[in-house]
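The values are calculated or read from the model by the stated rules, or taken from the named source; none is laboratory data. None of these values were measured; they are calculated from a predicted model. Because the Cβ atoms are built from the backbone with ideal geometry, glycine has one as well, and the counts that use them run over all protein chains shown.
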Amino acid sequence: MNKLLFTLAAILWLLPGSTFAQKQKQQNYVLIQASDTEADIIRKAANVVPSPRQLKWQQLELTAFFHLGVNSFTNREWGTGKEDPKIFNPTNLDARQWVREAKAAGFKLVILTAKHHDGFCLWPTATTDHSVKSSPWKNGQGDVMRELAEACREYGMGLGVYLSPWDMNSPVYGTEAYNDLFVAQLTELLTQYGPIEEVWFDGANGEGPNGKKQIYDFERWYQHIRKLQPAATIAVMGPDVRWVGTETGYGRESEWSVVPANNLDQTAIAGNSQKADAFKPQGNMKGADLGSREKIKGAKGLIWYPAETDVSIRPGWFYHPAEDNKVKTPEKLLDIYFSSVGRNGVLLLNLPPDTRGLLHEKDVENLREWKRLRDATFQHNLATGAKIKLASGKRKKALLDGKYATYFTTKSAKDTYAQIELRLPQEATFDVLLLQENISMGQRIEQFVLEYWDGQTWKKAAEGTTVGYKRLLRFEPVKASRVRLRILSSRLNPTLSEIGLFKQAQ
Ligand code: FUL
(Lines give C-alpha, C1' and ligand atoms only; values in the text may rest on other atoms or scores of the structure.)
Protein backbone atom coordinates (compact mmCIF):
# COMPACT_ATOMS: atom_id res chain seq x y z
CA MET A 1 0.00 0.00 0.00
CA ASN A 2 2.76 2.40 1.02
CA LYS A 3 4.62 1.51 -2.11
CA LEU A 4 1.54 2.30 -4.18
CA LEU A 5 1.13 5.69 -2.51
CA PHE A 6 4.78 6.42 -3.02
CA THR A 7 4.56 5.60 -6.73
CA LEU A 8 1.46 7.76 -7.07
CA ALA A 9 3.20 10.68 -5.37
CA ALA A 10 6.24 10.21 -7.58
CA ILE A 11 4.06 10.26 -10.72
CA LEU A 12 2.32 13.43 -9.55
CA TRP A 13 5.65 15.01 -8.80
CA LEU A 14 7.04 14.21 -12.22
CA LEU A 15 3.97 15.20 -14.20
CA PRO A 16 4.97 18.45 -15.90
CA GLY A 17 2.63 21.29 -15.02
CA SER A 18 0.88 19.29 -12.30
CA THR A 19 -0.27 21.47 -9.42
CA PHE A 20 1.64 19.19 -7.09
CA ALA A 21 4.92 19.87 -8.87
CA GLN A 22 4.10 23.58 -9.06
CA LYS A 23 3.42 23.90 -5.37
CA GLN A 24 6.72 22.31 -4.55
CA LYS A 25 8.92 24.30 -6.88
CA GLN A 26 7.33 27.55 -7.96
CA GLN A 27 6.78 30.72 -5.95
CA ASN A 28 6.98 34.44 -6.54
CA TYR A 29 10.52 34.85 -5.25
CA VAL A 30 13.63 32.76 -4.93
CA LEU A 31 16.86 33.17 -3.00
CA ILE A 32 20.16 32.69 -4.79
CA GLN A 33 22.80 30.75 -2.88
CA ALA A 34 26.49 31.55 -3.13
CA SER A 35 27.02 28.03 -4.48
CA ASP A 36 24.52 28.48 -7.35
CA THR A 37 26.08 28.34 -10.81
CA GLU A 38 24.91 30.62 -13.59
CA ALA A 39 22.85 27.75 -15.00
CA ASP A 40 21.23 27.25 -11.57
CA ILE A 41 20.31 30.95 -11.46
CA ILE A 42 18.73 30.86 -14.93
CA ARG A 43 16.70 27.77 -13.98
CA LYS A 44 15.59 29.43 -10.76
CA ALA A 45 14.59 32.60 -12.64
CA ALA A 46 12.52 30.53 -15.07
CA ASN A 47 10.55 29.08 -12.15
CA VAL A 48 9.65 32.34 -10.44
CA VAL A 49 5.91 32.83 -11.01
CA PRO A 50 3.33 35.51 -10.19
CA SER A 51 1.35 35.29 -6.95
CA PRO A 52 -2.38 34.70 -7.58
CA ARG A 53 -3.10 38.43 -7.09
CA GLN A 54 -0.33 39.36 -9.53
CA LEU A 55 -1.61 36.91 -12.15
CA LYS A 56 -5.14 38.25 -11.86
CA TRP A 57 -3.84 41.83 -12.11
CA GLN A 58 -1.76 41.09 -15.24
CA GLN A 59 -4.80 39.66 -16.98
CA LEU A 60 -6.70 42.94 -16.51
CA GLU A 61 -4.48 44.47 -19.24
CA LEU A 62 -6.31 47.81 -19.14
CA THR A 63 -6.78 49.88 -15.98
CA ALA A 64 -7.75 53.54 -15.61
CA PHE A 65 -6.96 56.37 -13.22
CA PHE A 66 -9.41 59.12 -12.32
CA HIS A 67 -7.51 62.18 -11.06
CA LEU A 68 -10.01 64.51 -9.41
CA GLY A 69 -9.62 66.88 -6.47
CA VAL A 70 -9.05 70.53 -5.54
CA ASN A 71 -6.48 70.75 -8.37
CA SER A 72 -9.32 70.26 -10.88
CA PHE A 73 -10.76 73.55 -9.61
CA THR A 74 -7.52 75.54 -9.14
CA ASN A 75 -6.23 74.42 -12.54
CA ARG A 76 -3.02 73.08 -11.01
CA GLU A 77 -1.13 69.79 -11.13
CA TRP A 78 0.00 69.86 -7.50
CA GLY A 79 -1.84 71.74 -4.77
CA THR A 80 -0.47 73.46 -1.69
CA GLY A 81 -2.53 71.92 1.11
CA LYS A 82 -3.94 75.38 1.86
CA GLU A 83 -6.89 75.15 -0.53
CA ASP A 84 -10.30 76.07 0.84
CA PRO A 85 -12.47 72.92 0.65
CA LYS A 86 -15.26 75.19 -0.61
CA ILE A 87 -13.68 75.30 -4.05
CA PHE A 88 -14.54 71.63 -4.59
CA ASN A 89 -17.93 71.92 -6.24
CA PRO A 90 -18.52 69.78 -9.33
CA THR A 91 -21.79 70.84 -10.91
CA ASN A 92 -22.85 67.52 -12.35
CA LEU A 93 -20.64 64.74 -11.00
CA ASP A 94 -21.60 61.38 -12.46
CA ALA A 95 -19.31 58.49 -11.60
CA ARG A 96 -21.59 56.20 -13.62
CA GLN A 97 -20.58 58.11 -16.76
CA TRP A 98 -16.88 57.57 -15.96
CA VAL A 99 -17.32 53.87 -15.41
CA ARG A 100 -19.65 53.38 -18.36
CA GLU A 101 -17.13 54.95 -20.74
CA ALA A 102 -14.20 53.12 -19.17
CA LYS A 103 -16.05 49.84 -19.49
CA ALA A 104 -17.02 50.52 -23.10
CA ALA A 105 -13.33 51.19 -23.86
CA GLY A 106 -12.33 47.81 -22.37
CA PHE A 107 -10.98 48.82 -18.96
CA LYS A 108 -11.26 46.24 -16.19
CA LEU A 109 -10.38 48.32 -13.14
CA VAL A 110 -10.46 52.02 -12.19
CA ILE A 111 -8.45 53.83 -9.52
CA LEU A 112 -9.62 57.02 -7.80
CA THR A 113 -7.29 59.65 -6.34
CA ALA A 114 -9.03 59.51 -2.96
CA LYS A 115 -6.34 61.89 -1.64
CA HIS A 116 -3.64 63.64 -3.67
CA HIS A 117 -0.56 65.41 -2.26
CA ASP A 118 -2.67 68.44 -1.18
CA GLY A 119 -4.41 66.26 1.43
CA PHE A 120 -8.01 66.94 0.32
CA CYS A 121 -10.07 63.75 0.79
CA LEU A 122 -12.77 62.77 -1.70
CA TRP A 123 -14.56 60.71 0.94
CA PRO A 124 -15.99 62.02 4.26
CA THR A 125 -13.16 60.72 6.41
CA ALA A 126 -13.23 60.90 10.19
CA THR A 127 -9.48 61.68 10.20
CA THR A 128 -9.69 65.33 9.03
CA ASP A 129 -12.19 68.01 8.05
CA HIS A 130 -10.18 68.72 4.92
CA SER A 131 -12.57 66.72 2.76
CA VAL A 132 -15.77 66.71 0.69
CA LYS A 133 -17.59 67.06 4.03
CA SER A 134 -16.47 70.72 4.18
CA SER A 135 -17.35 71.43 0.56
CA PRO A 136 -20.59 72.81 -0.90
CA TRP A 137 -20.86 69.76 -3.17
CA LYS A 138 -24.09 68.01 -2.14
CA ASN A 139 -24.12 70.28 0.93
CA GLY A 140 -21.19 68.40 2.40
CA GLN A 141 -23.10 65.12 2.21
CA GLY A 142 -21.31 63.76 -0.86
CA ASP A 143 -18.81 60.90 -1.11
CA VAL A 144 -17.02 60.45 -4.46
CA MET A 145 -15.53 57.14 -3.38
CA ARG A 146 -19.01 55.77 -2.59
CA GLU A 147 -20.50 56.96 -5.89
CA LEU A 148 -17.63 55.36 -7.75
CA ALA A 149 -17.85 52.11 -5.76
CA GLU A 150 -21.56 51.89 -6.53
CA ALA A 151 -21.01 52.57 -10.23
CA CYS A 152 -18.31 49.88 -10.29
CA ARG A 153 -20.66 47.39 -8.70
CA GLU A 154 -23.38 48.26 -11.21
CA TYR A 155 -21.09 47.81 -14.23
CA GLY A 156 -18.96 44.94 -12.91
CA MET A 157 -15.81 47.06 -12.83
CA GLY A 158 -12.87 46.52 -10.46
CA LEU A 159 -12.07 49.34 -8.02
CA GLY A 160 -8.74 50.62 -6.77
CA VAL A 161 -7.61 53.51 -4.64
CA TYR A 162 -4.77 56.06 -4.84
CA LEU A 163 -3.87 57.45 -1.43
CA SER A 164 -0.99 59.91 -1.45
CA PRO A 165 1.50 59.33 1.36
CA TRP A 166 2.61 62.95 0.97
CA ASP A 167 0.05 65.19 2.66
CA MET A 168 0.64 68.96 2.53
CA ASN A 169 -2.33 69.64 4.76
CA SER A 170 -2.16 67.29 7.74
CA PRO A 171 -0.91 69.05 10.90
CA VAL A 172 0.64 65.79 12.12
CA TYR A 173 2.60 65.16 8.88
CA GLY A 174 6.25 64.72 9.81
CA THR A 175 5.51 62.94 13.10
CA GLU A 176 4.82 59.30 14.00
CA ALA A 177 1.14 60.22 14.50
CA TYR A 178 0.86 60.64 10.72
CA ASN A 179 1.59 56.96 10.15
CA ASP A 180 -1.33 56.19 12.48
CA LEU A 181 -3.57 58.66 10.63
CA PHE A 182 -2.58 57.07 7.34
CA VAL A 183 -3.50 53.62 8.68
CA ALA A 184 -6.87 55.04 9.79
CA GLN A 185 -7.46 56.44 6.28
CA LEU A 186 -6.55 53.07 4.76
CA THR A 187 -8.95 51.35 7.15
CA GLU A 188 -11.82 53.58 6.07
CA LEU A 189 -11.12 53.11 2.38
CA LEU A 190 -10.54 49.37 2.63
CA THR A 191 -13.51 48.51 4.83
CA GLN A 192 -16.36 50.79 3.75
CA TYR A 193 -16.47 50.41 -0.02
CA GLY A 194 -16.48 46.68 -0.77
CA PRO A 195 -13.66 44.85 -2.57
CA ILE A 196 -10.61 46.99 -3.42
CA GLU A 197 -8.35 45.39 -6.02
CA GLU A 198 -5.42 47.79 -6.17
CA VAL A 199 -3.87 50.23 -3.71
CA TRP A 200 -1.62 52.76 -5.43
CA PHE A 201 1.15 54.65 -3.62
CA ASP A 202 3.62 56.95 -5.25
CA GLY A 203 6.93 57.84 -3.74
CA ALA A 204 6.61 61.64 -3.56
CA ASN A 205 7.80 62.77 -0.17
CA GLY A 206 7.80 66.54 0.30
CA GLU A 207 7.27 68.86 3.22
CA GLY A 208 4.07 69.11 5.23
CA PRO A 209 2.53 72.32 6.66
CA ASN A 210 5.15 72.50 9.42
CA GLY A 211 8.06 72.12 7.01
CA LYS A 212 8.85 68.57 8.10
CA LYS A 213 9.15 65.48 5.94
CA GLN A 214 7.62 62.17 6.89
CA ILE A 215 9.29 58.82 7.28
CA TYR A 216 6.67 56.60 5.67
CA ASP A 217 6.01 53.32 7.48
CA PHE A 218 5.42 51.39 4.26
CA GLU A 219 5.86 47.94 5.77
CA ARG A 220 3.18 48.61 8.38
CA TRP A 221 0.84 49.89 5.65
CA TYR A 222 1.50 46.83 3.47
CA GLN A 223 0.66 44.49 6.34
CA HIS A 224 -2.51 46.45 7.05
CA ILE A 225 -3.63 46.19 3.42
CA ARG A 226 -2.87 42.46 3.34
CA LYS A 227 -5.06 42.03 6.40
CA LEU A 228 -8.01 44.11 5.14
CA GLN A 229 -7.92 43.35 1.39
CA PRO A 230 -5.64 40.35 0.84
CA ALA A 231 -6.47 40.15 -2.87
CA ALA A 232 -5.46 43.76 -3.59
CA THR A 233 -2.20 44.44 -5.41
CA ILE A 234 -0.03 47.18 -3.95
CA ALA A 235 1.49 49.44 -6.61
CA VAL A 236 3.90 51.11 -7.38
CA MET A 237 5.65 51.93 -4.13
CA GLY A 238 4.64 48.45 -3.19
CA PRO A 239 5.62 44.81 -3.37
CA ASP A 240 3.32 43.55 -6.16
CA VAL A 241 3.55 45.95 -9.08
CA ARG A 242 6.49 47.98 -10.35
CA TRP A 243 6.43 51.38 -12.05
CA VAL A 244 7.66 50.86 -15.61
CA GLY A 245 9.92 53.88 -15.15
CA THR A 246 8.38 56.58 -17.38
CA GLU A 247 5.04 58.35 -17.66
CA THR A 248 4.99 58.22 -21.46
CA GLY A 249 2.95 55.06 -21.89
CA TYR A 250 5.88 53.24 -23.51
CA GLY A 251 7.37 50.15 -21.88
CA ARG A 252 10.62 48.37 -22.67
CA GLU A 253 11.23 46.25 -25.76
CA SER A 254 12.62 43.60 -23.39
CA GLU A 255 10.40 43.58 -20.32
CA TRP A 256 11.21 40.92 -17.73
CA SER A 257 8.75 40.41 -14.90
CA VAL A 258 11.44 38.56 -12.94
CA VAL A 259 13.98 41.02 -11.58
CA PRO A 260 16.75 41.00 -8.97
CA ALA A 261 15.69 41.81 -5.42
CA ASN A 262 18.85 42.03 -3.47
CA ASN A 263 17.15 43.14 -0.28
CA LEU A 264 15.36 39.82 0.19
CA ASP A 265 16.47 39.07 3.71
CA GLN A 266 17.22 35.35 3.84
CA THR A 267 16.92 34.99 7.60
CA ALA A 268 13.77 37.11 7.75
CA ILE A 269 12.09 34.94 5.13
CA ALA A 270 13.23 31.66 6.63
CA GLY A 271 12.90 32.62 10.27
CA ASN A 272 9.45 34.11 10.64
CA SER A 273 6.19 34.67 8.84
CA GLN A 274 7.50 37.53 6.71
CA LYS A 275 7.20 36.67 3.05
CA ALA A 276 8.92 38.26 0.10
CA ASP A 277 5.65 39.78 -1.05
CA ALA A 278 5.32 41.85 2.12
CA PHE A 279 7.99 44.35 1.25
CA LYS A 280 9.15 46.26 -1.75
CA PRO A 281 12.21 45.14 -3.68
CA GLN A 282 14.80 47.88 -3.78
CA GLY A 283 17.22 48.87 -6.47
CA ASN A 284 17.13 50.80 -9.71
CA MET A 285 13.91 49.92 -11.50
CA LYS A 286 14.34 52.54 -14.20
CA GLY A 287 17.14 51.21 -16.41
CA ALA A 288 16.71 49.93 -19.94
CA ASP A 289 17.48 46.37 -18.86
CA LEU A 290 16.16 45.05 -15.56
CA GLY A 291 16.12 41.30 -15.93
CA SER A 292 18.48 39.93 -18.62
CA ARG A 293 20.93 37.10 -17.83
CA GLU A 294 23.56 39.77 -17.29
CA LYS A 295 21.36 41.51 -14.70
CA ILE A 296 20.31 38.44 -12.74
CA LYS A 297 23.57 36.55 -12.62
CA GLY A 298 24.89 38.50 -9.63
CA ALA A 299 21.56 38.75 -7.80
CA LYS A 300 21.04 37.60 -4.24
CA GLY A 301 17.36 37.00 -4.84
CA LEU A 302 14.84 37.15 -7.69
CA ILE A 303 11.23 38.24 -7.51
CA TRP A 304 8.17 38.43 -9.77
CA TYR A 305 7.70 42.19 -10.05
CA PRO A 306 5.72 43.12 -13.20
CA ALA A 307 5.50 46.50 -14.91
CA GLU A 308 2.60 48.94 -14.80
CA THR A 309 2.70 51.61 -17.51
CA ASP A 310 0.95 54.79 -16.38
CA VAL A 311 0.20 57.72 -18.65
CA SER A 312 -2.47 60.40 -18.92
CA ILE A 313 -4.81 60.86 -21.88
CA ARG A 314 -3.93 64.57 -21.57
CA PRO A 315 -0.60 66.28 -20.87
CA GLY A 316 -1.53 66.74 -17.19
CA TRP A 317 -2.90 64.30 -14.61
CA PHE A 318 -5.67 66.71 -13.56
CA TYR A 319 -8.22 68.36 -15.85
CA HIS A 320 -7.23 71.72 -17.38
CA PRO A 321 -9.53 73.46 -19.90
CA ALA A 322 -6.50 74.58 -21.92
CA GLU A 323 -5.74 70.93 -22.66
CA ASP A 324 -9.10 70.16 -24.29
CA ASN A 325 -7.37 70.26 -27.67
CA LYS A 326 -4.40 68.19 -26.45
CA VAL A 327 -6.24 64.96 -25.72
CA LYS A 328 -4.25 62.02 -27.09
CA THR A 329 -5.60 60.89 -30.44
CA PRO A 330 -7.00 57.38 -31.00
CA GLU A 331 -3.89 56.60 -33.09
CA LYS A 332 -1.58 57.73 -30.30
CA LEU A 333 -3.56 55.68 -27.78
CA LEU A 334 -3.23 52.70 -30.10
CA ASP A 335 0.53 53.16 -30.29
CA ILE A 336 0.58 53.30 -26.48
CA TYR A 337 -1.50 50.10 -26.32
CA PHE A 338 1.02 48.26 -28.51
CA SER A 339 3.86 49.64 -26.40
CA SER A 340 2.41 48.86 -22.96
CA VAL A 341 0.01 45.89 -23.03
CA GLY A 342 1.93 44.65 -26.08
CA ARG A 343 5.20 44.78 -24.14
CA ASN A 344 4.28 42.64 -21.17
CA GLY A 345 2.82 45.47 -19.12
CA VAL A 346 -0.52 46.60 -17.74
CA LEU A 347 -1.66 49.99 -19.01
CA LEU A 348 -2.89 52.49 -16.41
CA LEU A 349 -4.47 55.29 -18.46
CA ASN A 350 -5.53 58.45 -16.65
CA LEU A 351 -8.93 59.94 -17.53
CA PRO A 352 -9.39 63.14 -15.50
CA PRO A 353 -12.98 64.26 -14.85
CA ASP A 354 -13.56 67.98 -15.50
CA THR A 355 -15.09 70.62 -13.20
CA ARG A 356 -18.56 69.32 -14.01
CA GLY A 357 -17.43 65.98 -12.63
CA LEU A 358 -17.70 64.34 -16.06
CA LEU A 359 -15.24 62.89 -18.56
CA HIS A 360 -14.94 65.56 -21.23
CA GLU A 361 -16.59 64.96 -24.63
CA LYS A 362 -13.24 64.97 -26.42
CA ASP A 363 -11.75 62.33 -24.12
CA VAL A 364 -14.85 60.18 -24.60
CA GLU A 365 -14.75 60.56 -28.38
CA ASN A 366 -11.08 59.51 -28.56
CA LEU A 367 -11.58 56.60 -26.17
CA ARG A 368 -14.43 55.23 -28.28
CA GLU A 369 -12.50 55.52 -31.52
CA TRP A 370 -9.44 53.87 -29.90
CA LYS A 371 -11.64 50.94 -28.90
CA ARG A 372 -13.07 50.70 -32.41
CA LEU A 373 -9.55 50.53 -33.89
CA ARG A 374 -8.52 47.80 -31.43
CA ASP A 375 -11.63 45.75 -32.12
CA ALA A 376 -11.26 46.11 -35.88
CA THR A 377 -7.64 44.95 -35.69
CA PHE A 378 -8.01 42.09 -33.24
CA GLN A 379 -11.43 40.68 -34.07
CA HIS A 380 -10.12 38.18 -36.58
CA ASN A 381 -7.07 36.03 -35.92
CA LEU A 382 -5.87 35.11 -39.41
CA ALA A 383 -4.11 32.06 -37.99
CA THR A 384 -7.45 30.54 -36.96
CA GLY A 385 -7.93 27.16 -38.59
CA ALA A 386 -4.23 26.84 -39.50
CA LYS A 387 -2.58 23.40 -39.59
CA ILE A 388 0.20 23.39 -37.03
CA LYS A 389 3.46 21.51 -37.56
CA LEU A 390 5.91 21.25 -34.68
CA ALA A 391 9.60 20.41 -34.81
CA SER A 392 9.12 19.02 -31.32
CA GLY A 393 6.61 19.70 -28.61
CA LYS A 394 3.15 18.99 -27.36
CA ARG A 395 -0.36 20.38 -27.06
CA LYS A 396 -0.19 22.31 -30.32
CA LYS A 397 -3.95 22.80 -30.37
CA ALA A 398 -3.63 25.05 -27.31
CA LEU A 399 -1.94 27.69 -29.49
CA LEU A 400 -5.16 28.57 -31.27
CA ASP A 401 -7.87 27.61 -28.80
CA GLY A 402 -8.34 31.12 -27.39
CA LYS A 403 -7.80 29.83 -23.85
CA TYR A 404 -5.00 31.35 -21.81
CA ALA A 405 -4.87 28.45 -19.35
CA THR A 406 -3.91 25.84 -21.95
CA TYR A 407 -0.47 26.04 -23.49
CA PHE A 408 2.02 24.53 -25.89
CA THR A 409 5.43 23.52 -24.63
CA THR A 410 8.42 21.50 -25.81
CA LYS A 411 8.90 17.86 -24.86
CA SER A 412 11.44 18.31 -22.10
CA ALA A 413 12.81 21.07 -19.89
CA LYS A 414 16.08 20.91 -21.81
CA ASP A 415 14.29 21.67 -25.07
CA THR A 416 14.74 25.43 -25.13
CA TYR A 417 14.39 25.77 -28.91
CA ALA A 418 10.98 25.51 -30.56
CA GLN A 419 9.72 25.72 -34.09
CA ILE A 420 6.04 26.12 -34.85
CA GLU A 421 4.88 26.20 -38.44
CA LEU A 422 1.42 27.44 -39.35
CA ARG A 423 -0.19 26.54 -42.67
CA LEU A 424 -2.96 29.09 -42.94
CA PRO A 425 -6.33 28.04 -44.35
CA GLN A 426 -5.73 30.57 -47.11
CA GLU A 427 -3.18 33.16 -48.13
CA ALA A 428 -3.52 36.23 -45.93
CA THR A 429 -2.02 39.67 -45.43
CA PHE A 430 -1.01 40.48 -41.87
CA ASP A 431 1.21 42.94 -40.02
CA VAL A 432 0.73 42.14 -36.33
CA LEU A 433 2.01 39.16 -34.34
CA LEU A 434 0.54 38.28 -30.94
CA LEU A 435 2.30 35.91 -28.56
CA GLN A 436 1.40 34.96 -25.00
CA GLU A 437 3.52 32.93 -22.63
CA ASN A 438 1.73 31.07 -19.89
CA ILE A 439 3.21 33.09 -17.05
CA SER A 440 1.75 30.83 -14.38
CA MET A 441 4.71 28.63 -15.42
CA GLY A 442 7.14 31.56 -15.38
CA GLN A 443 8.60 33.93 -17.98
CA ARG A 444 11.16 32.15 -20.12
CA ILE A 445 11.40 33.22 -23.76
CA GLU A 446 14.48 35.31 -24.56
CA GLN A 447 14.53 35.49 -28.35
CA PHE A 448 12.16 34.64 -31.20
CA VAL A 449 11.72 35.26 -34.89
CA LEU A 450 8.65 35.13 -37.16
CA GLU A 451 9.30 34.01 -40.72
CA TYR A 452 7.15 33.49 -43.82
CA TRP A 453 7.56 31.33 -46.90
CA ASP A 454 7.76 33.48 -50.02
CA GLY A 455 7.52 30.49 -52.36
CA GLN A 456 11.26 29.86 -52.34
CA THR A 457 12.76 30.63 -48.96
CA TRP A 458 11.92 31.58 -45.41
CA LYS A 459 12.05 35.33 -44.89
CA LYS A 460 12.04 37.28 -41.68
CA ALA A 461 8.85 39.24 -40.86
CA ALA A 462 9.62 40.25 -37.30
CA GLU A 463 11.81 39.39 -34.34
CA GLY A 464 11.85 40.07 -30.66
CA THR A 465 13.28 39.21 -27.28
CA THR A 466 10.91 38.82 -24.34
CA VAL A 467 7.26 37.75 -24.60
CA GLY A 468 5.78 37.47 -21.10
CA TYR A 469 2.03 37.73 -20.60
CA LYS A 470 1.48 39.43 -23.95
CA ARG A 471 3.72 40.54 -26.79
CA LEU A 472 2.46 42.43 -29.83
CA LEU A 473 4.78 43.21 -32.72
CA ARG A 474 3.96 45.31 -35.75
CA PHE A 475 5.82 44.91 -39.03
CA GLU A 476 5.58 45.65 -42.75
CA PRO A 477 2.53 43.82 -44.19
CA VAL A 478 3.31 40.27 -45.33
CA LYS A 479 1.23 38.18 -47.71
CA ALA A 480 1.73 34.46 -47.16
CA SER A 481 0.07 31.15 -46.42
CA ARG A 482 2.95 29.54 -44.53
CA VAL A 483 4.58 31.17 -41.52
CA ARG A 484 6.76 29.83 -38.77
CA LEU A 485 7.70 31.03 -35.34
CA ARG A 486 11.09 29.99 -34.05
CA ILE A 487 11.86 30.43 -30.38
CA LEU A 488 15.61 30.73 -30.52
CA SER A 489 16.37 31.05 -26.84
CA SER A 490 14.47 30.31 -23.66
CA ARG A 491 15.49 29.91 -20.01
CA LEU A 492 13.69 26.57 -19.75
CA ASN A 493 11.19 24.80 -21.97
CA PRO A 494 9.19 27.69 -23.43
CA THR A 495 5.42 27.85 -23.10
CA LEU A 496 2.95 29.57 -25.40
CA SER A 497 -0.73 29.97 -24.62
CA GLU A 498 -1.72 31.77 -27.80
CA ILE A 499 -0.40 32.86 -31.15
CA GLY A 500 -2.13 35.34 -33.43
CA LEU A 501 -1.70 37.08 -36.78
CA PHE A 502 -3.68 40.22 -37.50
CA LYS A 503 -4.02 43.02 -40.00
CA GLN A 504 -4.05 46.53 -38.56
CA ALA A 505 -7.28 48.38 -39.21
CA GLN A 506 -7.37 51.94 -40.49
C1 FUL B 1 2.83 61.22 -9.40
C2 FUL B 1 2.12 62.40 -8.79
O3 FUL B 1 3.02 63.36 -8.28
C4 FUL B 1 1.29 62.96 -9.91
O5 FUL B 1 0.61 64.14 -9.55
C6 FUL B 1 0.32 61.87 -10.35
O7 FUL B 1 -0.60 61.59 -9.33
C8 FUL B 1 1.08 60.60 -10.74
C9 FUL B 1 0.21 59.45 -11.14
O10 FUL B 1 1.90 60.20 -9.68
O11 FUL B 1 3.87 60.77 -8.69
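Pairs only if they're at least six apart or on different chains, beta carbon under 6 angstrom, first in segment 199-223 and assigned by TED's automatic domain parsing to the domain that holds Phe65 and within 16 Å of Tyr162 (Cβ to Cβ), second assigned to a strand (DSSP E or B) and within 14 Å of the ligand (Cβ to nearest atom); list them, first residue then second.
Between residues of segment 199-223 that are assigned by TED's automatic domain parsing to the domain that holds Phe65 and within 16 Å of Tyr162 (Cβ to Cβ) and residues that are assigned to a strand (DSSP E or B) and within 14 Å of the ligand (Cβ to nearest atom), the close pairs are Val199/Val161; Trp200/Ile111; Trp200/Tyr162; Trp200/Ala235.
When the residues of segment 194-227 are narrowed to those that are within 18 Å of Phe120 (Cβ to Cβ) and of a type in the set (D, E, K, R), which ends up nearest to the ligand (Cβ to nearest atom)?
Checking each candidate, the answer is Asp202.
Got a number for residues in segment 213-230 being part of a loop (DSSP other than H, G, I, E, B) and surrounded by 13 or more Cβ atoms within 10 Å (Cβ to Cβ)?
Going through segment 213-230 one residue at a time, the tally reaches 4.
Looking at Leu334 and the list (1) in contact with a Phe, Trp or Tyr (Cβ under 9 Å, 6 or more places away or on another chain); (2) away from the ligand (no atom under 16 Å from the Cβ); (3) in a loop (DSSP other than H, G, I, E, B); (4) under 19 Å from Ala104 (Cα atoms), which single condition is not satisfied?
Going through (1) in contact with a Phe, Trp or Tyr (Cβ under 9 Å, 6 or more places away or on another chain); (2) away from the ligand (no atom under 16 Å from the Cβ); (3) in a loop (DSSP other than H, G, I, E, B); (4) under 19 Å from Ala104 (Cα atoms) one by one, Leu334 breaks only (3).
Quick one: what pairs do we get from segment 343-366, first residue in the same structural domain as Asn75 (by TED's automatic domain parsing), second in a strand (DSSP E or B) and away from the ligand (no atom under 16 Å from the Cβ), C-beta under 6 Å, 6+ apart or different chains?
From residues that are in the same structural domain as Asn75 (by TED's automatic domain parsing), the pairs are Leu347/Leu62.
For segment 63-87, which residues satisfy the criterion of being among the aromatic types (Phe, Trp, Tyr) and more than 26 Å from Leu347 (Cα to Cα)?
If the condition is that a residue be among the aromatic types (Phe, Trp, Tyr) and more than 26 Å from Leu347 (Cα to Cα), then Phe73 is the only one that fits.
Go through the residues of segment 168-187 one by one and say whether even a single one is within 16 Å of the ligand (Cβ to nearest atom) and under 27 Å from the mean Cα position of the chain (by Cα).
Scanning segment 168-187 turns up no residue that is within 16 Å of the ligand (Cβ to nearest atom) and under 27 Å from the mean Cα position of the chain (by Cα).
Among the residues of segment 49-77, which ones are under 28 Å from Met157 (Cβ atoms) and within 16 Å of the ligand (Cβ to nearest atom)?
Thr63, Ala64, Phe65, Phe66, His67, Leu68, Gly69, Val70, Asn71, Ser72, Phe73, Glu77
As an exercise: evaluate Ala151 against (1) within 30 Å of Leu347 (Cβ to Cβ); (2) touching a residue at least 60 places away in the same chain (Cβ under 8 Å); (3) away from the ligand (no atom under 16 Å from the Cβ) and give the number of the one condition it does not meet.
(2)
Specify the residue that is nearest to the ligand (Cβ to nearest atom); the eligible residues are those in segment 317-331 that are touching a residue at least 12 places away in the same chain (Cβ under 8 Å) and in contact with a Lys or Arg (Cβ under 9 Å, 6 or more places away or on another chain).
Phe318
Taking only segment 162-190 into account, find how many residues are surrounded by fewer than 20 Cβ atoms within 10 Å (Cβ to Cβ), free of Cβ contacts under 8 Å to residues at least 40 places away in the same chain and not polar (S, T, N, Q).
4
Among the candidates Thr384, Thr377, which residue alone is away from the ligand (no atom under 16 Å from the Cβ), of a type in the set (Val, Ile, Thr) and in contact with a strand residue (DSSP E or B) (Cβ under 6 Å, 6 or more places away or on another chain)?
Thr377
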